[in-house]
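> Before I ask anything, here is the structure I am working with.
The values are calculated or read from the model by the stated rules, or taken from the named source; none is laboratory data. A quick note: this is a predicted structure, and the numbers were derived from the prediction, not measured. Cβ placement follows ideal geometry from the backbone for every residue including glycine, while neighbour counts extend to all protein chains displayed.
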Amino acid sequence: EAGVTQSPRYAVLQEGQAVSFWCDPISGHDTLYWYQQPRDQGPQLLVYFRDEAVIDNSQLPSDRFSAVRPKGTNSTLKIQSAKQGDTATYLCASSQPGQGGEAPLFGEGTRLSVL
Amino acid sequence: GQQVQQSPASLVLQEGENAELQCNFSTSLNSMQWFYQRPEGSLVSLFYNPSGTKQSGRLTSTTVIKERRSSLHISSSQITDSGTYLCAIGTGGYKVVFGSGTRLLVSP
């Protein structure tokens, strides 16, 4: 079974540029998460979806970040006008919580450097 | 304050030594998971352990709910164990919160 797939693996931008990250979750997983992990920190939740609905986007910087999952499968995270402080690894995860819960499975991440 | 705190922040071992990594949480949880993060960034799930003790090879995870803590024990460490170890809790509504990690370096 294929795991969570993310692309690109790496991105390097100048400040002010835009970038999009793409995530293909595990087939059948209804919950999808995007995390931001700055260097030497743990992953921090940005947004998560159940099917196509946003459940929690309270940590998503709404002025420059946006995330969609229009058909409840693949998802795109976009950063408009990137800043140096956005330099981090962006991780996507998916889960199909059943009885007792099932922890999310992660993709390999996208490493973003904003110069 | 932080819901999940890990200690130590970093650890250096000689090959063959044992390590005990701690994860303390300040809220009730419905899931607990330990991850290993490779140097290039990918996350590998080590244990899904919301309570009790689980062992896999040289790794043992113990979660004590009423004390709001979980530990990861690494026995006979190897150089390839080097990396970052993260704990994460599920707080309900499928939200998962991570600690800041323990960076482990095992030297020959």
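> Give me the pairs, please: first residue somewhere in region A:72-90 and within 14 Å of another protein chain (Cβ to nearest Cβ), second residue anywhere and part of a strand (DSSP E or B) and among the small types (Gly, Ala, Ser), beta-carbon distance under 8 Å, and either six or more positions apart or on two chains.
A:Thr87/A:Ser113
> Let me ask something else. In region B:70-87, which residues are part of a strand (DSSP E or B) and more than 7 Å from chain A (Cβ to nearest Cβ)?
B:Ser70, B:Ser71, B:Leu72, B:His73, B:Ile74, B:Gly83, B:Thr84, B:Tyr85, B:Cys87
> Let me confirm something: among A:Gln96, A:Gln17, A:Gln6, which residue is surrounded by 14 or more Cβ atoms within 10 Å (Cβ to Cβ), within 11 Å of chain B (Cβ to nearest Cβ) and modelled with pLDDT of 95 or more?
Just one listed residue meets the conditions, A:Gln6.
> Shifting gears a bit: Taking the residues in region B:26-55 that are at the interface with chain A (Cβ under 9 Å from one of its Cβ atoms) and of a type in the set (Phe, Trp, Tyr) as candidates, determine which candidate is surrounded by the fewest Cβ atoms within 10 Å (Cβ to Cβ).
By that ranking, first place goes to B:Tyr48.
> To continue, here is another question. Does B:Ser42 satisfy being within 24 Å of A:Gln44 (Cβ to Cβ) and not hydrophobic (A, V, I, L, M, F, W, C)?
Yes: the conditions hold for B:Ser42.
> Could you check region B:1-30 and list, in sequence order, the residues that are among the small types (Gly, Ala, Ser), within 14 Å of B:Arg68 (Cβ to Cβ) and not in a loop (DSSP other than H, G, I, E, B)?
Residue satisfying the conditions is B:Ser7 alone.
> Please determine, by comparing only the residues of region B:88-108 that are in a strand (DSSP E or B) and at the interface with another protein chain (Cβ under 9 Å from one of its Cβ atoms), which one is farthest from A:Ile55 (Cα to Cα).
Taking the candidates together, the pick is B:Arg103.
> Give region A:1-22 a look and list any residue that's within 17 Å of A:Glu108 (Cβ to Cβ) and part of a loop (DSSP other than H, G, I, E, B), or say none.
Within region A:1-22, A:Glu1, A:Ala2, A:Gly3, A:Val4, A:Pro8, A:Arg9 qualify.
> Among the candidates B:Glu15, B:Glu67, B:Glu20, single out the residue that is charged (D, E, K, R), over 18 Å from A:Gln41 (Cα atoms), under 10 Å from the mean Cα position of the chain (by Cα) and more than 10 Å from chain A (Cβ to nearest Cβ).
B:Glu20
> Follow-up. Filter region A:91-115 down to the residues that are outside any strand (DSSP E or B), under 27 Å from B:Cys87 (Cα atoms) and touching a residue at least 40 places away in the same chain (Cβ under 8 Å) and list them by number.
Result: A:Gln96, A:Pro97, A:Pro104, A:Gly107, A:Glu108, A:Gly109.
> Let me ask another. Tally the residues that are part of a loop (DSSP other than H, G, I, E, B) and small (Gly, Ala, Ser), restricting the search to region A:40-70.
Qualifying residue count for the region: 3.
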